[in-house]
Amino acid sequence: MQRAHETARTLRDNIQRVVLGKPEVVRSLVVAMLAGDHVLLEDVPGVGKTLAAKALARSIDGVFTRLQFTPDLLPSDITGSMIYRTDTREFEFSRGPIFANVVLADEINRAPPRTQSALLEAMSEGQVSVDGTTYPLPKPFIVVATQNPFEFDGTYALPESQMDRFLMRTSIGYPSREVERDVLRSHLVGEPVDQLQPVVSIEDICHAQSMVREVEFEESLIEYLLEVVDTTRQTPGIQVGVSTRGALSYYRGCQARAITEGRTFVTPDDIKSLAVTVLAHRVVPDSVLGVVNRSRVETQIQELVARLAVPV
């Protein structure tokens, strides 16, 4: 377990060298990596979404690819396709950019639903199927997707089934004046993220992911987590609550967060701190004219958790 703690700490510290003043964003990326799940960064352009994903990828001695989602992007551009080899006179599978350890899906809501769905099997099953043949993806595998929540022209909203594949949805936000000054200074001699070196190996990540499942989750805390999930299904103003898959992701995320905190057990703080980022994008609230206010949904989740008694 000590090796897993060291892996999480080393990974977090290296990312924070370039993602300045955003410890919770960095923690979310590390938690998702250890949980073997995916992250959706939703924020305005230019605040560091791509930077955060690249910092995570460069910190791991693995393969990183970037997918720029556009309206003309095809599913085969993601998964790969069969090509005919004239020398062997046979068809051969050419692997697409999805075959990587860290995949940055930039502006994911700019691609049409058919292309978005190409990620669905990869994110949920860790594999892709082409012409009836299944190809496993490398391990570890994480998708860090980005999208702009305020621009609607030429975009396609992610359906609930796709949103449910992300462990977390989080935003970066604008930095403080002091942090922004440090950002400007750090760019005087080039792009800081390009100077990052791998600090953990693929084997370290895989070991840490296996240790996540060993983190103790006391029975009363399991009941507390289930109470939070069940309350989302009964709260006025929420049409659809968190699914069982969402509850399992919540459970695994809490275990991964405990690892990042150097613990071998889950605490109530893990459950409370992850509630908004893990649950808010999994519920479907009552909305006016189909418009969903993200901040209102997150406030509902916060109030919901605040009302529940914390086990002692």
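So, R0 is 45 Å and r is the distance between the beta-carbons of E216 and R307; what FRET efficiency does that work out to, to 0.05?
Working: r = 27 Å, r/R0 = 0.59.
For R0 = 45 Å, the calculated efficiency reads 0.95.
Find, to one decimal place in angstroms, the Kirkwood hydrodynamic radius of the stretch 175-250, where the mean of 1/r is taken over every pair of different Cα atoms and then inverted. Walk me through the intermediate numbers first.
Numbers: mean 1/r = 0.0577 Å⁻¹.
About 17.3 Å for the stretch 175-250.
Which whole-number percentage describes the relative contact order of the chain, with Cα contacts under 8 Å and a sequence gap of 6 or more? All intermediate terms of the calculation are to be shown ahead of the outcome.
Numbers: 528 pairs, mean separation 73.7, N = 312.
Across the chain, relative contact order equals 24 percent.
As a check on your grasp of the helix formula, calculate [θ] at 222 nm for the chain: sum -39500 (n - 2.57) over DSSP H runs of n ≥ 4, divide by the residue count, round to the nearest 500. List each step's numbers first, then the result.
Details: 13 runs with 135 residues, N = 312.
Helices in the chain give a 222 nm mean residue ellipticity of -13000 deg cm²/dmol.
How big is the convex hull of the Cα atoms of the stretch 1-67, per residue, in Å³? Could the numbers behind the result be given before it?
Numbers: hull volume 6.5 nm³, N = 67.
For the stretch 1-67, the hull spanned by Cα atoms encloses 97 Å³ per residue.
Please list the radius of gyration and Dmax for the stretch 46-93, considering alpha-carbon atoms only, with Å as the unit.
16.3, 49
When the distances between all Cα atoms of the stretch 135-223 are binned every 10 Å from zero, what whole-number percent does each bin get?
10, 22, 32, 30, 7, 0
Give the peptides 273-280, 168-175 in descending order of average Cβ contacts within 10 Å, highest first.
Going by the mean number of other Cβ atoms within 10 Å, highest first, we get 273-280, 168-175.
I'd like the per residue volume of the convex hull spanned by the Cα atoms of the stretch 176-312, given in cubic angstrom. Can you show the working numbers first?
Numbers: hull volume 24.9 nm³, N = 137.
Roughly 182 Å³ of hull volume per residue.
What ranking, highest mean first, results for peptides 42-50, 19-27 when packing means the other Cβ atoms within 10 Å averaged over each residue?
Peptide ranking by packing, descending: 19-27, 42-50.
Where the centre of each part is set by its Cα atoms, how far does the stretch 84-143 sit from the stretch 253-312, in angstrom?
Result: 31 Å between the Cα centres.
If you find the alpha carbon centre of the stretch 157-224 and of the stretch 1-65, how far apart are they in angstrom?
When both Cα centres are located, 3 Å separates them.
Read-outs throughout are calculated quantities, based only on the coordinates presented, and are distinct from any laboratory measurement. Not measured: the values here are computed from a predicted model. A quick note on method: Cβ atoms are made from the backbone with ideal geometry, for glycine too, and the neighbour counts reach across all protein chains shown.
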